[in-house]
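K.L.:
Have a look at the structure that comes next, please.
The values are calculated or read from the model by the stated rules, or taken from the named source; none is laboratory data. These figures come from a predicted structure and were not determined experimentally. For neighbour counting, all protein chains shown are included, and Cβ atoms are generated from backbone atoms with ideal geometry for every residue, glycine included.
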Amino acid sequence: MVALGCDHGGYELMQEVKKFLEQKGIAYKDFGTDSTASTDYPIYAKLVGRAVQSGECEKGILICGTGIGISITANKMKGIRCALCHDVFSAEATRQHNDANVLAMGGRVVGAGLALKIVDTFLSTPFSNEERHKRRIAQMEE
Ligand code: RB5
């Protein structure tokens, strides 16, 4: 299950992400927002972060205008490793090296074509499970 959250700046791109996940048969839980009306991105970052922290959802996807505010908020939550990615290489590397559990993107930064490739890569790339990466991830929480 993938937890989804966005503000008004990410709403339109999130509709594309939802269609893509439905086509792929990937289950998601939508934590809002549900329109382009102005709202506050920390609300959705925290809802998605809590769903991942609790294990209700294995991964999360967060979208605001830039991806910055929503990723900063998510990264303040224990156990959340939120990667702001606007290219496919970073999406692959952050899964392999950081075991990132939340992807953030900016709806005003990337087009849907690239964003969906980033989502696909993020969700399909496993963690490398290499010792050096496990050690570094453990150090993040110290
Ligand atoms: C909203 O205007 C915008 O500030 C927000 O979507 C995001 O870009 C914040 O980092």
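K.L.:
Among the candidates Met14, Met77, Met105, which residue alone is assigned to a strand (DSSP E or B) and either within 13 Å of the ligand (Cβ to nearest atom) or of a type outside the set (Lys, Arg) (or both)?
P.N.:
Exactly one of Met14, Met77, Met105 is assigned to a strand (DSSP E or B) and either within 13 Å of the ligand (Cβ to nearest atom) or of a type outside the set (Lys, Arg) (or both), namely Met105.
K.L.:
Going by what's in this entry, would Ile118 be described as more than 16 Å from the ligand (Cβ to nearest atom), modelled with pLDDT of 95 or more, among the β-branched types (Val, Ile, Thr) and crowded, with 18+ Cβ neighbours inside 10 Å?
P.N.:
yes
K.L.:
Turning to a different aspect of this structure: What are the pairs, 6+ residues apart or on separate chains, where a residue within region 113-126 that is more than 17 Å from Ala27 (Cα to Cα) and touching a residue at least 40 places away in the same chain (Cβ under 8 Å) has its Cβ under 6 Å from a residue that is assigned to a helix (DSSP H, G or I) and of a type outside the set (Phe, Trp, Tyr)?
P.N.:
What qualifies is Ala115/Leu13.
Here is a yes/no grid of residues against (1) over 11 Å from the mean Cα position of the chain (by Cα); (2) outside any loop (DSSP other than H, G, I, E, B); (3) surrounded by 22 or more Cβ atoms within 10 Å (Cβ to Cβ):
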position: Ser38; (1), (2), (3): yes, no, no
position: Ile43; (1), (2), (3): yes, yes, no
position: Gly49; (1), (2), (3): no, yes, yes
position: Thr66; (1), (2), (3): yes, no, no
position: His86; (1), (2), (3): yes, no, no
position: Glu92; (1), (2), (3): yes, yes, no
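K.L.:
Another one. Which of (1) outside any loop (DSSP other than H, G, I, E, B); (2) within 13 Å of the chain's Cα centre (by Cα) is the odd one out, the single condition Glu22 does not satisfy?
P.N.:
Against the list (1) outside any loop (DSSP other than H, G, I, E, B); (2) within 13 Å of the chain's Cα centre (by Cα), Glu22 comes up short only on (2).
K.L.:
Answer with yes or no whether Arg108 is in contact (Cβ under 8 Å) with a residue 12 or more places away in the chain and more than 11 Å from the chain's Cα centre (by Cα).
P.N.:
Yes.
K.L.:
Scan region 115-125 and give yes if some residue there is aromatic (Phe, Trp, Tyr) and either more than 15 Å from the chain's Cα centre (by Cα) or on the phi > 0 side of the Ramachandran plot (or both), otherwise no.
P.N.:
No; the residues of region 115-125 include none that is aromatic (Phe, Trp, Tyr) and either more than 15 Å from the chain's Cα centre (by Cα) or on the phi > 0 side of the Ramachandran plot (or both).
K.L.:
When the residues of region 27-68 are filtered to those that are closer than 18 Å to Phe122 by Cβ, charged (D, E, K, R) and touching a residue at least 40 places away in the same chain (Cβ under 8 Å), which remaining residue is nearest to the ligand (Cβ to nearest atom)?
P.N.:
Only one residue tops the list, namely Lys59.
K.L.:
Let me ask something else about it. Out of Lys76, Lys59, Lys18, report the one residue that is basic (Lys, Arg) and farther than 20 Å from Ile137 by Cβ.
P.N.:
When all the criteria are applied, what remains is Lys18.
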